[in-house]
Each structure stands twice: as structure tokens, then as C-alpha cells.
Amino acid sequence: MIPSKEYLRIPGPTPIPPRVLNAMNNPIIYHRSVEFGNVLGETIEGAKKIIKTSGDIFIFSSTGRGVMEATLVNSISPGERVLVLVNGNFGKIFADIIERFGAQVEILEFPWGEAVDINRFEDYLKNNRSIKAVFVIHCETSTGVVNNIEAIGKITSKYGIISIIDAVSSLGGIEISMDEWGLDFVLTASQKALMTPPGLGLVAVSSKGWKAVEKSTNSRYYWDFRMYKEAQNRIPKQTPFTSPVSLILGLDEALKMIVEEGIDNVIERHFQVAKAFRDRIKSYGLKLFPKKEEWCSNTVTAVKSPKEVDSDLIIKFLKERFNLRIANGLGNLKDKIFRVGHMGYQAEEIETRAVALAIKSVLEENLNF
């Protein structure tokens with residue numbers, strides 16, 4: 001039985017625009033055909049405009065976690081020293097994946113609710129010159145904190161270290177300029193600000209990143225970037241394995257929507273919507289989880305649950321009264337914060353105003369706040 005429609009305001013998956021749904025409803029086409037090769041090429045070019053790179057981009061049938069692993073096995077080898085910058089739940093997950101592939105993982109940890117301290121990060125690199133790669137989450141979805149990826153990219157370039165950036169919940173809603181910032185691997189997924197259903201993972205690779213791919217001794221087959229590059233150079237352009245054709249048709253349309261609006265305009269819209277939501281939430285007497293507003297993400301807002309109120313109750317009443325779905329905290333923040341997504345198609349001021357008012361109503365009428 002298909003459940004009744006609920007209003008998703010979680011940090012992904014996000015609601016899908018009608019244009020994208022219509023594109024995915026087109027008849028299936030052969031994944032080795034000229035027609036699909038043209039669509040794949042258009043999709044890659046669209047993604048390059050969003051990531052702001054002239055380098056290679058590969059599209060996988062995968063979740064975000066899959067392209068985390070894909071990037072890892074192509075960028076480092078067992079025994080190499082790598083640094084993971086951790087300021088939330090997804091940074092910890094990145095570290096866990098890397099450890100399973102035999103790298104020497106070092107963790108530089110920062111308090112949850114704070115951004116990566118750039119000076120502390122650079123000092124660590126100065127004193128640990130054998131670090132091969134740095135892994136970091138751009139938008140730490142678990143805390144609503146955005147990290148300064150521009151500064152991190154420029155520092156890793158300065159020291160000749162590979163940068164691997166998880167942009168799953170930021171790309172398409174928060175500025176990324178891969179080539180200008182000197183980033184080597186940027187990975188993301190389809191189901192957040194890219195406004196497409198879950199199932200696609202994307203990885204962009206710089207020329208410096210390619211040197212790491214060629215040197216990596218990790219075993220790889222399905223994730224092998226070299227196979228994807230070779231397949232994309234064929235005529236017609238294709239992927240090495242069966243492509244998720246309908247999802248790629250949808251992503252192609254979503255990227256066209258972003259390009260038509262203008263990526264800089266899209267990013268400004270996300271900023272304005274997020275700021276309006278934060279201002280409204282604060283006017284109700286609620287507190288944001290990030291310790292400084294300058295650290296707040298423009299794609300997901302993390303809010304402290306009022307004292308002695310489990311966030312699970314807020315989530316429960318929103319679902320019962322409004323059929324509205326927001327997200328709980330993760331890890332040690334479970335039941336202590338709630339998280340509201342405002343990315344992609346849902347990043348509209350009228351939408352976030354309605355969500356804020358619903359939260360206020362539940363707090364006042366059901367939880368005596």
C-alpha cells in the first residue's frame with residue numbers, strides 16, 4: 001500500500017519538481033544508444049557548471065555512502081596516512097569507511113556545533129608532513145554546520161595534499177568552486193539540492209586527483225574511475241555498467257533547471273530562505289544548534305529542542321497534525337535537536353514560513369512551550 005502524501009522537510013530526500021518527474025516518465029531508452037549518450041553528456045556538462053570545474057565527472061548508480069567509498073578506493077592506498085576532519089556524525093562515518101580499507105587514519109576532531117578551525121587544521125598539517133589526503137564534510141548535515149571548504153582547499157593545495165570533499169547536502173545550495181578553490185575530489189548525491197530521487201552518486205576529479213587514481217593500489221572494480229573515464233570516451237558516451245536511465249533523465253532536467261535560474265542565483269535563494277527561517281525560529285525563543293550563525297548551513301537548519309522536550313515529540317506531533325516530516329538529531333544529538341531541510345525545490349520562503357509556523361503551533365498547543 002502506498003502511504004498518503006507527506007510533506008518532506010527533512011535534509012533529504014527532497015520533494016521532486018514536476019519537470020523532473022515528467023522527464024523520468026519518458027519511455028526507457030537503451031543505455032548504449034546514441035540518444036542516451038547525448039543525455040549522459042548533457043548531464044555531465046550540467047554538473048560541471050554546478051561544481052564549477054572543467055575536470056572529469058562520473059555518475060554512479062549509488063547512494064552518497066557509495067561514492068564516499070568509491071572516492072576512497074580511487075584516491076589512497078593501504079598504509080597511507082590520511083586526515084579526517086570531524087565535527088559531526090558524517091565525518092565519523094567517513095573515518096570509519098577509510099579505516100576499513102587499511103589506511104592510517106588520523107582524526108582532527110572539533111566540537112559538534114562548531115566549524116573546522118582553519119588555523120588548527122593548518123598547524124596540524126605543518127607538523128604532519130606525510131599526510132597524503134584530507135577528508136572533510138562540506139555541510140555536516142547532523143549539526144547544520146557548514147565548513148569553510150574554500151580555505152581548506154587552498155591550504156591542501158599549498159601543502160600538496162589531496163582534498164576529498166563530501167558535498168552531498170551542499171552542492172546546488174551552497175557555493176562550491178572546485179577549480180578555483182583547488183579541490184581534488186568532490187562527491188555528491190542526487191536526492192538533496194539536486195532535486196532528483198535517491199540512487200545517483202556523482203564524483204568530480206581534478207588533474208591532481210587523477211594522479212592519485214593512477215597510483216592507488218586498492219582493489220576496485222565497480223568503483224574504478226578508470227573504467228568510467230574509458231566508457232565516457234567512447235562513441236556514444238556511456239557508463240561501464242547498466243545505467244539508471246530514468247534517474248539520469250531526471251538529473252539532467254534538474255540540472256537544466258538550476259542552470260536556467262543561474263547557479264549563483266540558486267545559492268542566493270538558499271541563503272535568503274535559510275536566513276528567513278532561522279530568524280523566524282529565533283523569534284519564537286528557540287535556539288539554533290550551531291554556536292555561531294556564520295557557521296549555519298543554508299540547506300539544513302539544526303534547532304535545539306526546548307528544555308525537557310524530546311525532539312521526537314515535536315516530530316511526532318508535526319506528522320500527526322500536519323503530515324509534515326522533519327528529522328531528529330543523529331548520534332548523541334538524538335532527541336536533543338530537530339533538523340529542517342530547505343534545499344532544492346523546497347527552498348522557497350513561503351514553504352519555510354509554513355514549516356516554522358507549524359513548529360510554533362505544535363510547541364504551543366501540544367507541548368506547552
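For (1) touching a Cys at 6+ places or on another chain (Cβ under 7 Å); (2) in a loop (DSSP other than H, G, I, E, B), each residue gets a yes or a no:
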{"residue": "Phe271", "(1), (2)": "no, no"}
{"residue": "Arg278", "(1), (2)": "yes, no"}
{"residue": "Lys282", "(1), (2)": "no, no"}
{"residue": "Lys291", "(1), (2)": "no, yes"}
{"residue": "Glu294", "(1), (2)": "no, no"}
{"residue": "Ile315", "(1), (2)": "no, no"}
{"residue": "Ala358", "(1), (2)": "no, no"}
{"residue": "Val362", "(1), (2)": "no, no"}
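Answer yes if at least one residue in segment 291-302 is under 24 Å from Leu367 (Cα atoms), modelled with pLDDT of 95 or more, among the hydroxyl-bearing types (Ser, Thr, Tyr) and not assigned by TED's automatic domain parsing to the domain that holds Phe110, and no otherwise.
To start, the set of residues in segment 291-302 that are under 24 Å from Leu367 (Cα atoms) comprises 300-302.
Filter again for modelled with pLDDT of 95 or more, leaving 300-302.
Still in the list and also among the hydroxyl-bearing types (Ser, Thr, Tyr): 301.
Next, from what is left, pick out any that are not assigned by TED's automatic domain parsing to the domain that holds Phe110: 301.
Yes; the residues of segment 291-302 include at least one that is under 24 Å from Leu367 (Cα atoms), modelled with pLDDT of 95 or more, among the hydroxyl-bearing types (Ser, Thr, Tyr) and not assigned by TED's automatic domain parsing to the domain that holds Phe110.
Which residue out of Val186, Val213 is buried (at least 24 other Cβ atoms within 10 Å of the Cβ), out of contact with any Gly (no Cβ under 8 Å at 6 or more places or on another chain) and either outside any helix (DSSP H, G or I) or at negative phi (or both)? Steps first, please.
On the way: Val213 fails: buried (at least 24 other Cβ atoms within 10 Å of the Cβ).
After applying the criteria, what remains is Val186.
Scan segment 17-56 for residues that are β-branched (Val, Ile, Thr) and either within 18 Å of Met195 (Cα to Cα) or not assigned by TED's automatic domain parsing to the domain that holds Pro236 (or both) and jot them down. Steps first, answer last, please.
Within segment 17-56, the first condition is being β-branched (Val, Ile, Thr), and the residues that meet it are 20, 28-29, 34, 39, 43-44, 50-51, 53.
Passing the criteria: Val20, Val39, Thr43, Ile44, Ile50, Ile51.
Farther than 16 Å from Leu363 by Cα and either at pLDDT 95 or above or surrounded by 14 or more Cβ atoms within 10 Å (Cβ to Cβ) (or both) - does that describe any residue in segment 278-285? Explain how you work it out, then say what you get.
Going residue by residue through segment 278-285, those that are farther than 16 Å from Leu363 by Cα are 278-279.
From what's left, either at pLDDT 95 or above or surrounded by 14 or more Cβ atoms within 10 Å (Cβ to Cβ) (or both): 278-279.
Yes.
Can you name every residue in segment 181-219 that is out of contact with any Pro (no Cβ under 8 Å at 6 or more places or on another chain), over 15 Å from Ile164 (Cα atoms) and of a type outside the set (Gly, Ala, Ser)?
Pass one, segment 181-219, residues out of contact with any Pro (no Cβ under 8 Å at 6 or more places or on another chain): 181-188, 193-194, 196, 201-216, 219.
The next check asks that each one be over 15 Å from Ile164 (Cα atoms); those that pass are 193-194, 196, 214-215, 219.
Listed by number, the residues that qualify are Leu194, Thr196, Glu214, Lys215.
Evaluate segment 190-200: report whether one residue or more is of a type in the set (Ser, Thr, Tyr) and closer than 14 Å to Phe58 by Cβ.
Pass one, segment 190-200, residues of a type in the set (Ser, Thr, Tyr): 190, 196.
Now narrow it down to the ones that are closer than 14 Å to Phe58 by Cβ: 190.
Yes.
Looking at segment 68-96 only, could you name the residues that are aliphatic (A, V, I, L, M), under 30 Å from Leu288 (Cα atoms) and in contact with a helix residue (DSSP H, G or I) (Cβ under 9 Å, 6 or more places away or on another chain)? Step through it out loud before you land on a result.
Of the residues in segment 68-96, the ones aliphatic (A, V, I, L, M) are 68, 70, 72-73, 76, 82-86, 93, 95.
Next cut, under 30 Å from Leu288 (Cα atoms) only: 68, 83-86, 93, 95.
Correct list: Met68, Leu83, Val84, Leu85, Val86, Ile93.
Can you tell me which residue within segment 155-183, out of those that are of a type in the set (Asp, Glu) and not in a strand (DSSP E or B), is surrounded by the most Cβ atoms within 10 Å (Cβ to Cβ)? Explain how you work it out, then say what you get.
First, pick out the residues of segment 155-183 that are of a type in the set (Asp, Glu): 166, 175, 179-180.
Now narrow it down to the ones that are not in a strand (DSSP E or B): 175, 179-180.
Working: Glu175: 20, Asp179: 16, Glu180: 12.
This residue is Glu175.
Out of Ile152, Ile107, report the one residue that is touching a residue at least 24 places away in the same chain (Cβ under 8 Å) and buried (at least 22 other Cβ atoms within 10 Å of the Cβ).
Details: Ile107 fails: buried (at least 22 other Cβ atoms within 10 Å of the Cβ).
Checking each option against the conditions leaves just Ile152.
What single numbered condition from (1) closer than 18 Å to Arg278 by Cβ; (2) at pLDDT 95 or above; (3) of a type in the set (Ser, Thr, Tyr) fails to hold for Ser361?
With (1) closer than 18 Å to Arg278 by Cβ; (2) at pLDDT 95 or above; (3) of a type in the set (Ser, Thr, Tyr) applied to Ser361, the lone miss is (1).
Looking at segment 193-208, can you tell me whether even one residue there is over 30 Å from Cys296 (Cα atoms) and either in the same structural domain as Ala347 (by TED's automatic domain parsing) or crowded, with 18+ Cβ neighbours inside 10 Å (or both)? Show your work before the answer.
The initial filter retains those residues of segment 193-208 that are over 30 Å from Cys296 (Cα atoms), namely 207-208.
Still in the list and also either in the same structural domain as Ala347 (by TED's automatic domain parsing) or crowded, with 18+ Cβ neighbours inside 10 Å (or both): 208.
Within segment 193-208, one or more residues are over 30 Å from Cys296 (Cα atoms) and either in the same structural domain as Ala347 (by TED's automatic domain parsing) or crowded, with 18+ Cβ neighbours inside 10 Å (or both).
Condition first: in contact with a Lys or Arg (Cβ under 9 Å, 6 or more places away or on another chain), crowded, with 16+ Cβ neighbours inside 10 Å and free of Cβ contacts under 8 Å to residues at least 60 places away in the same chain. Can you find one or more residues in segment 316-326 that meet it? Explain how you work it out, then say what you get.
Going residue by residue through segment 316-326, those that are in contact with a Lys or Arg (Cβ under 9 Å, 6 or more places away or on another chain) are 318-319, 323-326.
Adding the requirement that they be crowded, with 16+ Cβ neighbours inside 10 Å leaves 318, 324, 326.
Subset that is free of Cβ contacts under 8 Å to residues at least 60 places away in the same chain: 318.
Checking segment 316-326: at least one residue is in contact with a Lys or Arg (Cβ under 9 Å, 6 or more places away or on another chain), crowded, with 16+ Cβ neighbours inside 10 Å and free of Cβ contacts under 8 Å to residues at least 60 places away in the same chain.
Scan segment 128-149 residue by residue and report those that are of a type in the set (D, E, K, R) and either modelled with pLDDT under 95 or crowded, with 24+ Cβ neighbours inside 10 Å (or both). Reasoning before the result, please.
Filtering segment 128-149 for residues of a type in the set (D, E, K, R) gives 129, 132, 140.
Arg129, Glu140 - these are the residues of segment 128-149 that are of a type in the set (D, E, K, R) and either modelled with pLDDT under 95 or crowded, with 24+ Cβ neighbours inside 10 Å (or both).
Among the residues of segment 115-127, count how many are surrounded by 14 or more Cβ atoms within 10 Å (Cβ to Cβ) and either out of contact with any strand residue (DSSP E or B) (no Cβ under 7 Å at 6 or more places or on another chain) or not assigned by TED's automatic domain parsing to the domain that holds Ile149 (or both). Give the derivation first.
So the first thing to find is which residues in segment 115-127 are surrounded by 14 or more Cβ atoms within 10 Å (Cβ to Cβ), and the list is 115-118, 121-122, 124-125.
Keeping just the survivors that are either out of contact with any strand residue (DSSP E or B) (no Cβ under 7 Å at 6 or more places or on another chain) or not assigned by TED's automatic domain parsing to the domain that holds Ile149 (or both) gives 117-118, 122, 125.
Total satisfying the criteria: 4.
For segment 53-95, what are the residues that are without any contact (Cβ under 8 Å) to a residue 60 or more places away in the chain and of a type in the set (D, E, K, R)?
Correct list: Arg65, Glu80, Arg81.
Is it the case that some residue within segment 227-238 is closer than 18 Å to Tyr345 by Cα, at pLDDT 95 or above and touching a Gly at 6+ places or on another chain (Cβ under 8 Å)?
Within segment 227-238, none of the residues are closer than 18 Å to Tyr345 by Cα, at pLDDT 95 or above and touching a Gly at 6+ places or on another chain (Cβ under 8 Å).
The values are calculated or read from the model by the stated rules, or taken from the named source; none is laboratory data. As the structure is a computational prediction, the values presented were derived from the model and not from experiment. Virtual Cβ from ideal backbone geometry, glycine too; neighbours counted across all protein chains shown.
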